[in-house]
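*Asks:* Structure below; questions to follow.
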Amino acid sequence: MPERPRLIIACFLVYSLVTTVSPLAARAQDKGLYTTTAMATPQTQKCLECHASMNPNLCMSWERGKHATRGIGCYECHMASDTDPDALVDHHGFTISPLVTPKDCGRCHPAETASFLGSQHAKGGRVLHSLSNYWGEVVEGYAASLGGCQACHGSKIKVDPKTRKISADGYPNYGIGRINPDGSEGNCSACHQRHDFRLAAVRRSEVCGRCHIGPDHPQIEIWQESKHGNAFDEMNKGVDFDKPSLLLGQDPIAVPNCVTCHLGGTIASGSGSTHDPGARLSWNLRDAISVRRNDWRANRSRMQAVCRNCHSPAFVKSHFIQLDKAVALYNHKFALPAKEIIEAVRAAGKLDPSPVNEKLERDFWHLWHHQGRRARMGVAMMGADYVQWQGFYEVALLFYFEFLPEAERLLPGVTAAIMDRPEHRWLKKAIHTPEDIKKAIADGIAFWEEASPEPGPPATSSTPTPSSASASAPIPTATDSRQQ
């Protein structure tokens, strides 16, 4: 036989050892539906013999994905050691786990896994059973926490050590910071849609909006109302979002979404793709007082490199000046004074130790956790309504007409020094003529120009009283990169 036909036959025999027509395809052929060929190892082929009929759509999804074309199937992702806490030993001759964790994904995707594990996303489950989750687990109840807070932050997966069965207390769960039995933190499938894992699916803002939504972190709504959000679909027709390497400066992305700005790559130096969305954020906009993040200058430089793919340097610089000044406004005019006041009321013994059962505590909570976040995030993402009517307007309404009167009721005189500062005098001073209004607006502009974005009293404030001295002390830079 000539050498070329022998070579062709040899190659075919080798290929046939690892390539099979899946049971789904075979059954589909019998029914005249559709045919498909997937790469499947003998172990995965064994899985498909049962699961093709038990979970047909799940298997079809896998067959459509790139894993199936590379010989990565059920067994390759779900295989486990018999010493793993969640291992199902002798599952039809195999040892497997129903859970796929970052440790499993990291065998093939080490760089992506390392980047993700360095993010606050991976640590989201640490909020469980902490004071930060007091509303969900205590005030509302554990079932609310399980289906609400933990659905996004992640649960702690519990396994019966005798039966190796996973408890319903924590499973199923698609929280991004899930605490897994193998000791790892995180959950890749919080964003990556199983089982075909198409890149186009994970690059959609709706994936982020599953959790970044609602009154306390409405990033998806802010983006949707921004010029970026309302033009994204129309302006990006024809872009292949399933392309493995999708880069700003190279591919024709006209308008960005969450992934473009926070995770996607750009040809600009130092701004490759990442699985840590905090790597480009310069402020912590989540907490009661906004502080700079660690390495905030490098983070901002990376974000600005993304912005400059579409905007001029002057445009980009001015946007971040506006962001810094909005943070300064929030910190100095509202958050720091409110913090000072509630601490003084508490120190005077006018509040009991329970954290949220009194009106002043709830007012302060909503001021920063809901209205204050919306205002700050609205500026960062250019969502005008969230800056104004759903942001600073509601911050001011709550601060001046709920929080301050309640503080005075509990401890008369506690707000006097703060309310004598120039930025608050409008509340006591009659402003009714055009000249009065012009002067008040000029004072507001002066406050905007002089207020430092760093935490501490603004330059226009009066001399701090002893009780406000703590507010004037520098507040350390944030030591985390939380996403809100």
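The values are calculated or read from the model by the stated rules, or taken from the named source; none is laboratory data. Not measured: the values here are computed from a predicted model. Please note: Cβ atoms are built from the backbone with ideal geometry, for glycine as well, and neighbour counts cover all protein chains shown.
*Asks:* Among SER282, SER318, which is the only one that is surrounded by fewer than 21 Cβ atoms within 10 Å (Cβ to Cβ), without any contact (Cβ under 8 Å) to a residue 60 or more places away in the chain, over 30 Å from GLU358 (Cα atoms) and polar (S, T, N, Q)?
*Replies:* SER318
*Asks:* While we're looking at this one, here's another question. Got at least one residue in the stretch 36-49 being of a type outside the set (D, E, K, R), exposed (fewer than 13 other Cβ atoms within 10 Å of the Cβ), more than 19 Å from PHE197 (Cα to Cα) and at pLDDT 95 or above?
*Replies:* no
*Asks:* On the basis of being of a type in the set (Gly, Ala, Ser) and outside any loop (DSSP other than H, G, I, E, B), does GLY136 make the cut?
*Replies:* Against the criterion (of a type in the set (Gly, Ala, Ser) and outside any loop (DSSP other than H, G, I, E, B)), GLY136 qualifies.
*Asks:* Can you find a residue in the stretch 230-245 that is outside any loop (DSSP other than H, G, I, E, B), surrounded by 20 or more Cβ atoms within 10 Å (Cβ to Cβ) and modelled with pLDDT of 95 or more?
*Replies:* So far as the stretch 230-245 goes, yes, one or more of its residues are outside any loop (DSSP other than H, G, I, E, B), surrounded by 20 or more Cβ atoms within 10 Å (Cβ to Cβ) and modelled with pLDDT of 95 or more.
*Asks:* Considering ALA298, ALA254, which residue is surrounded by fewer than 20 Cβ atoms within 10 Å (Cβ to Cβ) and in a loop (DSSP other than H, G, I, E, B)?
*Replies:* After ruling out the rest, the residue left standing is ALA254.
*Asks:* Filter the stretch 191-206 down to the residues that are outside any loop (DSSP other than H, G, I, E, B) and in contact (Cβ under 8 Å) with a residue 24 or more places away in the chain, then identify the one that is surrounded by the fewest Cβ atoms within 10 Å (Cβ to Cβ).
*Replies:* ALA200
*Asks:* Given the stretch 323-398, what helices (runs of 4 or more DSSP H) lie entirely inside it while holding 3 or more residues that are surrounded by 17 or more Cβ atoms within 10 Å (Cβ to Cβ) and out of contact with any strand residue (DSSP E or B) (no Cβ under 8 Å at 6 or more places or on another chain)?
*Replies:* By residue number, 336-347, 359-366, 373-380, 393-398.
*Asks:* Turning to a different aspect of this structure: Mind counting the residues in the stretch 213-224 that are over 25 Å from ASP240 (Cα atoms) and within 11 Å of the chain's Cα centre (by Cα)?
*Replies:* Total satisfying the criteria: 3.
*Asks:* What are the residues in the stretch 285-313 that are of a type in the set (Lys, Arg) and without any contact (Cβ under 8 Å) to a residue 60 or more places away in the chain, if any?
*Replies:* ARG297, ARG300, ARG302, ARG308
*Asks:* Given the criteria under 19 Å from the mean Cα position of the chain (by Cα) and either in the same structural domain as ILE72 (by TED's automatic domain parsing) or not in a helix (DSSP H, G or I) (or both), does ALA114 qualify?
*Replies:* Here the answer is no, as ALA114 does not meet what is asked.
*Asks:* While we're on this one: Only residues in the stretch 249-262 that are in contact (Cβ under 8 Å) with a residue 12 or more places away in the chain and at positive phi count as the first member; pair them with residues that are part of a helix (DSSP H, G or I) and not basic (Lys, Arg), Cβ under 8 angstrom, at least 6 apart or cross-chain, and list the lot.
*Replies:* Close Cβ pairs (under 8 Å, with a partner that is part of a helix (DSSP H, G or I) and not basic (Lys, Arg)) do not exist here.
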